Amino acid sequence: MPEKNRKPIVKGDRLALVIEDLNNLGCGVGKAPDGRAVFVAGAVAGDTVLAEVIKVNKTYLVARLLTVSEPSPNREEGFCEAPLSCGGCIYRHLTYEKELVLKRSYVQHALKKAGLGEVEVAPVRTTGMPCGYRNKAEYPIAGGEKGLWGGFYAQKTHRVVRGDSCSLQSEIFGQILRTVCNILTKQGVKAYDEETGKGLFRHLYLRMGKGSGEIMVCPVINGESLPDEKGFVRDLLNAHPQITSILLNLHTKKTNVVLGKRYRTLFGTPELEDVLCGVRFRIAPGAFYQVNHDGAELLYSLAAAEALEGGKGGTLLDLYCGAGTIGLSMAKHFSRVIGIEIVEEAVESAKTNAALNGIENASFYCGDAACAEQLLQAAEQACGKLLPDVVVLDPPRKGCDTALLRFLASRAVPRIVYVSCNPDTLARDLAFLSSLGYAPGTVTPVDMFPRTGHVESVVCLTRRLDN
């Protein structure tokens with residue numbers, strides 16, 4: 001049909017589409033009759049689909065998948081029983097082999113955009129276990145005439161969708177959720193309402209130590225206590241004797257933030273213990289800890305291999321060190337490990353973890369990686385001027401501050417191992433370090449979060465001899 005005679009596409013129209021691509025948000029990409037891109041969640045490259053337009057923009061359309069008339073050879077069904085609206089597994093309809101190819105291409109594309117198209121990107125490394133890898137769960141709680149229940153927030157909303165099954169989490173999490181809801185329903189507990197601020201039970205927060213087998217159960221409540229705490233502990237342990245600690249998170253602020261700042265221990269210890277890379281770690285309930293235990297061991301082993309390429313011994317500087325997981329896992333290979341972290345509680349945890357393992361060559365200090373001039377102030381007051389042989393960077397998604405990278409270059413650090421959770425900021429920082437005289441080696445993507453759009457990467461940069 002000639003362009004001037006074509007009927008404008010409006011919301012509610014149905015389009016037959018051939019899906020040509022898949023983006024990192026998990027949406028299949030087709031082309032509308034007027035040439036605009038159409039994004040369809042749940043569609044896979046190679047599918048022929050019927051989709052209903054739900055959003056119209058000048059340059060693109062968003063459509064809801066209705067039927068798949070011709071499935072792609074890369075389509076896979078039956079990965080998870082959770083409702084589609086949970087939005088957790090954006091690649092649940094894609095074969096895992098194709099997902100790994102896509103994630104490698106994301107890293108390659110980011111490097112190319114940053115002018116680093118010549119940098120080699122290895123195939124994505126994986127543990128081979130795309131299911132059951134998450135060791136942490138946060139279930140929002142709702143309720144009705146039949147009592148309390150938990151589930152997931154529908155994507156981009158705070159509407160709770162009922163569901164206790166998640167293929168990314170351990171089966172025991174869903175079982176504990178059902179038990180907790182049943183016990184508190186019998187006690188007459190009501191679910192928290194974000195609109196009114198009334199109701200007691202807000203979330204159920206669970207953590208597991210894969211290397212230790214320990215399980216922490218933590219109801220988040222809008223108050224100071226449960227109606228019958230002794231009975232709650234008794235009934236919960238009778239149903240799940242493998243639980244090692246039960247805490248209450250006391251969260252009375254009217255906010256949608258999941259956790260409050262106060263905890264009270266009802267049973268066991270206030271911390272979870274786990275073993276990672278052969279090192280024992282005590283993990284406070286609110287502390288950061290990698291949610292994929294086996295994936296973290298793979299990631300850290302690759303980082304260690306890069307750090308040790310120049311030989312054992314010397315000084316390792318671990319920036320953004322958190323509770324010391326990376327530095328302590330590498331401590332046996334270096335004469336000295338210095339960890340720097342801005343969060344004081346994390347620094348104290350790192351010190352505790354070093355003592356727990358009898359590691360005497362690791363020290364941890366407070367310092368802000370965004371303030372290069374004062375970054376090593378506390379460490380150098382204790383240790384003298386630091387000229388590290390290797391620096392490990394493990395920044396948040398926003399990447400590193402340019403002042404920090406300049407500071408490392410000014411110290412002529414021979415090797416920088418960069419652990420990234422964001423290909424775009426990794427590429428940006430590699431380009432900047434390259435301008436400062438560092439040559440990036442092969443980038444190795446790691447699939448720490450199978451079935452999601454996230455990909456981690458490890459790369460070592462070496463200082464050029466002419467600098």
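The values are calculated or read from the model by the stated rules, or taken from the named source; none is laboratory data. Remember, predicted model here, so these are calculated numbers, not experimental data. Because the Cβ atoms are built from the backbone with ideal geometry, glycine has one as well, and the counts that use them run over all protein chains shown. The area values use the complete protein model at the heavy-atom level, side chains included, leaving out ligands, DNA and RNA. Shrake-Rupley method; radii C 1.70, N 1.55, O 1.52, S 1.80 Å.
Of the residues making up segment 391-420, those that are in a loop (DSSP other than H, G, I, E, B), open to solvent by 30 Å² or more (accessible area, probe 1.4 Å) and not basic (Lys, Arg) are Asp394, Pro396, Asp401, Ala412, Pro414.
The condition (being assigned to a helix (DSSP H, G or I) and of a type in the set (Ser, Thr, Tyr)) is satisfied by just one residue among Tyr300, Tyr365: Tyr300. For segment 261-291, filtered to residues that are of a type in the set (Phe, Trp, Tyr) and either part of a loop (DSSP other than H, G, I, E, B) or in contact with a Lys or Arg (Cβ under 8 Å, 6 or more places away or on another chain) (or both), the residue that is farthest from Gly132 (Cα to Cα) is Phe288.
Would you point out the residue of segment 348-366, among those that are more than 21 Å from the chain's Cα centre (by Cα) and open to solvent by less than 10 Å² (accessible area, probe 1.4 Å), that is nearest to Leu404 (Cα to Cα)? Here the answer is Phe364. For segment 211-268, filtering for residues that are buried (at least 20 other Cβ atoms within 10 Å of the Cβ) and touching a Cys at 6+ places or on another chain (Cβ under 8 Å) leaves 4. Within segment 225-260, the set of residues being acidic (Asp, Glu) and either in a loop (DSSP other than H, G, I, E, B) or touching a strand residue (DSSP E or B) at 6+ places or on another chain (Cβ under 7 Å) (or both) comprises Asp228, Glu229.
To keep it simple, each residue is scored yes or no on (1) under 14 Å from Glu70 (Cα atoms); (2) at pLDDT 95 or above; (3) within 32 Å of the chain's Cα centre (by Cα).
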residue	(1), (2), (3)
Asn5	no, no, no
Leu15	no, yes, no
Asp21	no, no, yes
Gly26	no, no, yes
Ala32	no, yes, no
Phe39	no, yes, yes
Ala51	yes, yes, yes
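Exactly one residue out of Val161, Val107, Val101, Val119 is over 22 Å from Gly209 (Cα atoms) and part of a loop (DSSP other than H, G, I, E, B), and it is Val119.
I need the full set of residues from segment 308-327 which are aliphatic (A, V, I, L, M), open to solvent by 20 Å² or more (accessible area, probe 1.4 Å) and not in a loop (DSSP other than H, G, I, E, B), in order please.
Leu308
The residue that is farthest from the chain's Cα centre (by Cα), counting only those in segment 432-447 that are open to solvent by less than 30 Å² (accessible area, probe 1.4 Å) and among the aliphatic types (A, V, I, L, M), is Leu433.
Scanning segment 271-296 for residues that are surrounded by fewer than 18 Cβ atoms within 10 Å (Cβ to Cβ) and under 15 Å from Asp394 (Cα atoms) gives a single hit, Phe288.
Here is a yes/no grid of residues against (1) at negative phi; (2) more than 20 Å from the chain's Cα centre (by Cα); (3) buried (at least 19 other Cβ atoms within 10 Å of the Cβ); (4) of a type in the set (A, V, I, L, M):
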position	(1), (2), (3), (4)
Pro73	yes, yes, no, no
Cys80	yes, no, no, no
Cys86	yes, no, no, no
Tyr91	yes, no, yes, no
Lys98	yes, yes, yes, no
Val107	yes, no, yes, yes
Leu111	yes, yes, yes, yes
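Taken over segment 338-391, the criterion of being farther than 13 Å from Phe281 by Cβ and basic (Lys, Arg) is satisfied by Lys385 alone. Just one of the numbered conditions (1) out of contact with any helix residue (DSSP H, G or I) (no Cβ under 6 Å at 6 or more places or on another chain); (2) at pLDDT 95 or above; (3) surrounded by 15 or more Cβ atoms within 10 Å (Cβ to Cβ) is not true of Asn135: (1). Being touching a residue at least 12 places away in the same chain (Cβ under 8 Å), farther than 30 Å from Ile243 by Cβ and either among the basic types (Lys, Arg) or in contact with a Pro (Cβ under 7 Å, 6 or more places away or on another chain) (or both) is not true of Lys136.
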